[in-house]
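Here is the structure we will look at, set down as structure tokens.
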Amino acid sequence: MLSIKVAASINRQIEVEHHSSQIYLAMASWAETNGYEESSKFLYAHAEEERMHMLKFFHYVNDRGSHALVPKTEQPKVIYDSIKEIFEEILEHEIYVSLSINHLVGVCVDERDFTTQNFLQWFVTEQIEEESLFRSILDKLNLLGDDKASLFMFEKEIASIATSKSVLKTV
Ligand SMILES: [Fe+2]
Ligand SMILES: [Fe+2]
């Protein structure tokens with residue numbers, strides 16, 4: 001069974017992953033209604049990924065004899081100024097999530113819960129990938145600029161990133 005402290009910390013992380021999913025969903029909806037079709041597909045898919053992260057934690061907590069709790073829903077920001085603002089905020093958010101996972105690992109070390117620490121390694125690696133993915137997307141966006149032709153090019157880039165990423169995920 002998980003210690004009270006570890007179970008509470010994972011339930012807190014469940015909230016973070018749930019909120020991440022909601023943030024991506026709100027961003028996808030903004031993108032879809034503002035002409036960014038490919039970005040919106042990418043963001044909808046990412047909202048699903050965050051939900052999968054949340055469920056991974058759910059099953060882990062319950063499998064270990066504790067109780068995973070459904071978090072309360074808080075409305076994320078729904079209006080954005082630009083697609084660039086979206087990707088800037090995503091990178092900032094993913095850095096915050098990485099810190100949150102690191103904090104969780106710290107709790108497991110303090111509690112000498114090496115099983116959970118081992119389970120968390122998947123998330124540690126995932127966060128490295130997420131940060132690097134969004135850094136590269138933001139670099140592309142900065143390189144291209146934000147006139148209409150560049151944003152059209154960016155949409156093509158996002159479509160190819162989404163394809164290569166789904167190929168990697170299924171390997
Ligand atoms: Fe996540
Ligand atoms: Fe993420």
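With helices as the sole contributors, the chain gives -29000 deg cm²/dmol at 222 nm; each DSSP H run of n ≥ 4 counts as -39500 (n - 2.57), and the sum is divided by every residue.
Where the convex hull is taken over the Cα atoms of the chain, what is its projected area averaged over directions, in nm²?
Its Cα hull, projected and averaged over all orientations, spans 9.9 nm².
Evaluating 6.51 cos²θ - 1.76 cosθ + 1.60 at θ = phi - 60° for every residue in region 64-76, the Karplus couplings come out as 8, x, 9, 10, 6, 10, 5, x, 6, 9, 10, 5, x Hz, glycine and proline recorded as x.
With the simple model of a label 7 Å out from the Cα in the direction of the Cβ, Tyr96 to Phe114 spans 3.5 nm.
Each of Met54, Met27 has some number of other Cβ atoms within 10 Å of its Cβ, and from fewest to most they run Met54, Met27. 3J(HN,Hα) along region 115-122, derived from phi through the Karplus expression 6.51 cos²θ - 1.76 cosθ + 1.60 where θ = phi - 60°, amounts to 5, 5, 4, 5, 4, 6, 4, 4 Hz, with x in place of Gly and Pro.
Loop-resident trypsin sites (Lys or Arg not before Pro) (DSSP state other than H, G, I, E or B) in region 67-139 with no more than 10 further Cβ atoms inside 10 Å of their Cβ: Lys72, Arg112. In this simple spin-label approximation, Ser150 and Tyr44 carry label points 7 Å from Cα along the Cα→Cβ vector, and these lie 2.8 nm apart. How high is the FRET efficiency between Glu131 and Tyr80 when r is their beta carbon distance and R₀ equals 25 Å, given to the nearest 0.05? Efficiency, from the Cβ-Cβ distance: 0.75.
Bear in mind these aren't lab numbers, they're just calculated from the coordinates by the rules spelled out. Because the structure is predicted, anything quoted here is derived from the model rather than measured. A quick note on method: Cβ atoms are made from the backbone with ideal geometry, for glycine too, and the neighbour counts reach across all protein chains shown.
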